[in-house]
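Notes to accompany the following structure.
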Amino acid sequence: MELVKDKDYFVLTTNVDHQFQLAGFDKKRLFYTQGDYGLWQCSKACHDKTYDNEDVVRQMVAEQKDMKIPTELVPKCPVCGAPMTMNLRCDNSFVQDDGWYAASNRYDEFILCHKELHILFLELGVGANTPVIIKYPFWKMTAKNPQAVYVCINKQEAYAPREIVDSALCIESDISEILKDIVSD
Ligand SMILES: [Zn+2]
């Protein structure tokens, strides 16, 4: 957060652990493409809506005994009555609600507005599981924009294709160490 507080930034993430929100990142500058532990959806995906679950989860934690919670706290879909589940892209019942589409649009807009500007594509720890969401688009956009810079920090897999070799910096190292160094400079 410290690094981007004065910057025009946008975060695209495949993480679902809600950490960006907890760290104070502006929700409007975040697109959690693969879902969010902080949201529930109907397990049958009967309707396209997600629900903030923080209050209920906190209540569950407070009232649990022997790893069990009171039956009335088991979340049920308000539409069809099926159990609720976390909003994660783990099968094809993933619900993309209005919030998801709004974030997706804001990301597209951000990319469009900065298309020909000096922009840093900072890729942190993206593995080979879902390169089509962050890694490949970042490479492509860097290749198209002579003012773009691609930086990849990854402990094991810091690399970039030959096409963008002049605009790329790959650092094979621990992300938290590098970020700490930058903040303290
Ligand atoms: Zn339902």
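The values are calculated or read from the model by the stated rules, or taken from the named source; none is laboratory data. For clarity, every value in this text was computed on a predicted model and none was experimentally measured. Here the Cβ is made from the backbone with ideal geometry for all residues, glycine too, and neighbour counts use every protein chain on show. For the accessible areas, the whole protein counts, side chains as well, though only heavy atoms, and no ligand, DNA or RNA atoms are used. Shrake-Rupley method; radii C 1.70, N 1.55, O 1.52, S 1.80 Å.
Surface calculation, 1.4 Å probe, protein heavy atoms: Met141 sits at approximately 40 Å² accessible.
Comparing mean-square fluctuations of Glu109, Glu157, Glu63 from a GNM of the chain with C-alpha springs under 10 Å, the top value falls on Glu63.
Once Rg and the Kirkwood radius are both taken over the C-alpha atoms of the chain, their ratio Rg/Rh works out to 1.04. Apolar share of the accessible surface for the chain: 53 percent from carbon plus sulfur atoms, 1.4 Å probe. In this simple spin-label approximation, Ser173 and Ala23 carry label points 7 Å from Cα along the Cα→Cβ vector, and these lie 1.7 nm apart. For the chain, the dipole from Cβ point charges (+1 on Lys and Arg, -1 on Asp and Glu) about the Cα centre works out to 420 debye, to the nearest 20.
If R0 is taken as 35 Å, the Cβ-Cβ distance between Leu124 and Leu73 corresponds to a FRET efficiency of 0.45. The modelled label-to-label distance for the pair Cys113/Ala82, using points 7 Å beyond Cα in the direction of Cβ, is 3.8 nm. Counted over the chain, the DSSP beta bridges are approximately 40% antiparallel.
For the modelled label position 7 Å from the Cα of Ile182 along Cα-to-Cβ, which residues of segment 24-39 have backbone nitrogen atoms closer than 17 Å? The answer is 24-26, 30. The lysines within cross-link reach of Lys76, meaning a Cα-to-Cα straight distance under 21 Å and a gap of 8 or more places when in the same chain, are Lys44, Lys49, Lys65, Lys68.
Taking R0 as 25 Å, what FRET efficiency do you get between Asn105 and Val56 from their Cβ-Cβ distance, rounded to the nearest 0.05?
Calculated transfer efficiency: 0.30.
Taking Leu179, Leu73, Leu112 and ordering them by how much accessible surface each has at a 1.4 Å probe, largest first, produces Leu112, Leu179, Leu73. Taking amide hydrogens as placed 1.01 Å from N in the peptide plane, the amide H of Ile119 sits under 5 Å from those of Ala148, Val149, each at least 5 positions away in sequence or on another chain. For Lys76, the solvent-accessible surface with a 1.4 Å probe is about 120 Å², rounded to the nearest 10.
Given Lys27/Lys155; Lys5/Lys115; Lys27/Lys115, which pairs have Cα atoms separated by over 25 Å? Result: Lys27/Lys155 exceed 25 Å.
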